[in-house]
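Contents: one structure, followed by commentary.
The values are calculated or read from the model by the stated rules, or taken from the named source; none is laboratory data. Everything quoted here is computed from the prediction, not taken from an experiment. Note that we place each Cβ from the backbone using ideal geometry, even for glycine, and neighbour counts take in every protein chain shown.
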Amino acid sequence: MGIVTTKNLTKVYPNGTKALDKLNLDLNSRISCIIGRNGAGKTTLIRILSTQLRPTSGKAEIMGYDVVRDREKIRKIICSIPQEVKPVGIASPLEHVAMYLTARGFSIRDALKVSRGVLTELGLGHFMNKPSDELSGGMKRKIFVAMAIASNADLVFLDEPTVGLDPISRLEVWGALRRLRSRVVLTTHYMEEAEALCEEIAIIEKGKVVRSGSLEELMEPLKGKVRVEGYGEMKIGSMNIAYLSKEEAKIILDKYNNDRRISIKPVSLEDVFILSGVEVEKD
Amino acid sequence: MVSRLKRINFNWKFVLVYIWFYGYSFIKRGPIYVLSYLALPLSLLFFIYLITKGSLIYFAILGGMISIVTNNALTAVGDISFFKLELKIQELLVSAGVYPIEYLFGISLGNLLFSLPGLLLFIFLGFFYKIFGISLFLWTLLNLFLVMISSTSIAYLVASRLNHVRSSWGIGALLSVILTMLPPLYYPYKLLPTAALYSLLFSPATPASVFLQGILINGRANFFYLIIVIIETIAYPIIALKLGRWES
């Protein structure tokens, strides 16, 4: 039984947009990550998995529970933080987190105690009683990360949890997520976030999973290669990119007499992501 | 519906905290809102006092109380749709296992708490002008509670069906006029032709006001109108929960 399993999961919105197209996914790690371009279907997938949205066809299961049939059981074991969630300006971070925890069944006393602890851990200790509209964008985002951390849910869905956070806040959130006992499925645009946090990564393009596996598995095709920018036939925007062995790259660099428009970089998850996107575009 | 309600282990802790979240925090940090909702009933009270040389002040006080509660409930159209469509708070609560009836209760009672400062002022005026005997006072409190639940249910139903926040504020204001200005809150219900009175009974404010005015004018209660308030207090939440959109 996987943590998240989908089979031929399809979602077509009433306006005809096909957000998910027979998507097959099997996530089993403590922290898994779904990455993809804007409009790839990440948020639709998370909303279906967190029982917000019903699929048009196909099947999805969370820890063996069907997202349509068993949605009330699923809601007891998950915590889902939507991508665009924002705090109510007039209410404080403490009020938000405590309200959420009582919604999940905490006693009022425990909800307040746990909320104070987690908000302090995330650096919001001095701001927990201020109205949320007096907080910075990053602090507002942290309120919802605090909910996820405090929720004690078996499985936490986080849709782009660190968007808009400064580098230090992002590191604080990463640290808190690593310390979480819950399993986590998150979506992100930040490749370094997926690399730093996730044991399993699924890349989604046009509503389908195009690649999935551990970071090492995903990087395998690029093993021993470097990214050469400013050279090659693969065009991303106005930039040409090629993936070559170090030796080939050195020959190119020598040939073009160290032309500053050509640069060499080590490969990363970003390159796997770029290659996936290019392959889908070709199809 | 009943079997569904039986399955729900009603989460009162959430409802209590939501009242604090939605009602108390607005009073504490946004007293201007409390004043803004008081502005209309107080202005009408002033004009009615001037124009009728005080003779209809009783109606303005009693009607003002119902108006405060109904208007506060109906402004929830804007809040509910804003929380759902813009802030995504409803989405957060759905996946946390909150049931719509708990949310509805949280909002209703939060609104009631939010209405308290205004109600206390009108209750003070009511006692000052010697409107309230103990019986009328208790009937008034009961009716305000019932009207709050039924009106919030209307607000929830409307708000949950909206696809754009931009329409919500206008619809809330329009509903407020239809459900509180047309019904006989600020004037004696006997001025209304019978057909008009019956056609306005769909607004919970109408039967509540007619019932209370009956006690005020005649000294005895016409329970037909109280039964209508009770029926609406049961029916509107059921309709709202049945037809309202909780999940996406």
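Counting only residues that are part of a loop (DSSP other than H, G, I, E, B) and surrounded by 22 or more Cβ atoms within 10 Å (Cβ to Cβ), how many does the range A:166-218 have?
Selection size over the range A:166-218: 2.
Does any residue of the range B:77-87 turn out to be in contact with a helix residue (DSSP H, G or I) (Cβ under 7 Å, 6 or more places away or on another chain), crowded, with 24+ Cβ neighbours inside 10 Å, under 24 Å from B:SER153 (Cβ atoms) and more than 14 Å from chain A (Cβ to nearest Cβ)?
yes
In the range B:88-107, which residue that is in contact (Cβ under 8 Å) with a residue 60 or more places away in the chain and touching a Pro at 6+ places or on another chain (Cβ under 8 Å) is nearest to the other protein chains (Cβ to nearest Cβ)?
It comes out as B:GLU91.
Does A:ALA40 satisfy being over 21 Å from A:ASN152 (Cβ atoms), crowded, with 23+ Cβ neighbours inside 10 Å and either in contact with a His (Cβ under 9 Å, 6 or more places away or on another chain) or of a type in the set (Gly, Ala, Ser) (or both)?
It is true that A:ALA40 is over 21 Å from A:ASN152 (Cβ atoms), crowded, with 23+ Cβ neighbours inside 10 Å and either in contact with a His (Cβ under 9 Å, 6 or more places away or on another chain) or of a type in the set (Gly, Ala, Ser) (or both).
For the range B:207-248, enumerate the residues that are outside any loop (DSSP other than H, G, I, E, B) and of a type in the set (S, T, N, Q).
Within the range B:207-248, B:SER209, B:GLN213, B:ASN218, B:THR233 meet the criteria.
Would you check which residues across the range A:45-63 are buried (at least 23 other Cβ atoms within 10 Å of the Cβ) and β-branched (Val, Ile, Thr) and list them?
A:ILE46, A:ILE48, A:THR51, A:ILE62 - these are the residues of the range A:45-63 that are buried (at least 23 other Cβ atoms within 10 Å of the Cβ) and β-branched (Val, Ile, Thr).
What strands (runs of 3 or more DSSP E) lie completely within the range A:1-57 and have 1 or more residues being in the same structural domain as A:LYS73 (by TED's automatic domain parsing) and more than 15 Å from the chain's Cα centre (by Cα)?
Output list reads A:4-12, A:18-27.
When A:VAL85 is evaluated against the numbered criteria (1) closer than 14 Å to A:ALA176 by Cβ; (2) modelled with pLDDT under 95; (3) within 13 Å of another protein chain (Cβ to nearest Cβ), which criterion, by number, is the only one it fails?
Every condition holds for A:VAL85 apart from (1).
What is the number of the single condition among (1) within 8 Å of chain B (Cβ to nearest Cβ); (2) more than 10 Å from B:PHE14 (Cβ to Cβ); (3) surrounded by fewer than 22 Cβ atoms within 10 Å (Cβ to Cβ); (4) not aliphatic (A, V, I, L, M) that A:LYS113 does not meet?
Here A:LYS113 clears every test but (1).
What number of residues in the range A:257-279 are within 18 Å of A:GLU217 (Cβ to Cβ), free of Cβ contacts under 8 Å to residues at least 60 places away in the same chain and in a loop (DSSP other than H, G, I, E, B)?
Going through the range A:257-279 one residue at a time, the tally reaches 1.
Taking into account only those residues within the range B:195-248 that are surrounded by 16 or more Cβ atoms within 10 Å (Cβ to Cβ) and among the small types (Gly, Ala, Ser), which is nearest to the chain's Cα centre (by Cα)?
B:ALA205
Here's the yes/no breakdown for (1) at pLDDT 95 or above; (2) outside any loop (DSSP other than H, G, I, E, B); (3) buried (at least 18 other Cβ atoms within 10 Å of the Cβ):
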| site | (1), (2), (3) |
| --- | --- |
| B:LYS130 | no, no, no |
| B:SER153 | yes, yes, yes |
| B:SER168 | no, yes, yes |
| B:THR180 | no, yes, yes |
